[in-house]
1. Considering region 12-62 alone, what residues qualify as being within 14 Å of G74 (Cα to Cα), surrounded by 12 or more Cβ atoms within 10 Å (Cβ to Cβ) and of a type in the set (A, V, I, L, M)?
2. Looking for whichever is out of contact with any helix residue (DSSP H, G or I) (no Cβ under 6 Å at 6 or more places or on another chain) and in a strand (DSSP E or B) here; the options are V70, V28. Which one fits?
3. Taking region 37-54 as the search range and keeping residues that are assigned to a loop (DSSP other than H, G, I, E, B) and free of Cβ contacts under 8 Å to residues at least 24 places away in the same chain, which one is farthest from A11 (Cα to Cα)?
Amino acid sequence: MGGPISGPCVANVLIGSMPAAVVGDMCVCVGPPDTIVKGSATVMIGGKPAARMGDSTAHGGSIVLGLPTVMIGG
């Protein structure tokens, strides 16, 4: 069971008024902290792959919330 992305994210890049999430950011989890492990292969934010809805986390989950009007390829 997963939870929201807790950061640190990239504070100077905002998507829907929220800092952009990238590979390596932490996620809330009922067990030990989880991390984003898969992101865009072509879009970098702060030098790291941008995280998108559907991308994987270390515990086997995936990102389920995001801003549907923002499309990040790759």
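We did not get these values from a lab; they are worked out from the coordinates using the rules stated. Given the structure is predicted, the values throughout are model-derived calculations rather than measurements. Note: ideal-geometry Cβ built from the backbone for every residue, glycine included; neighbour counts use all protein chains shown.
1. Of everything in region 12-62, those that are within 14 Å of G74 (Cα to Cα), surrounded by 12 or more Cβ atoms within 10 Å (Cβ to Cβ) and of a type in the set (A, V, I, L, M) turn out to be V22, V23, V43, M44, I45, A50, A51, M53.
2. V28
3. G54
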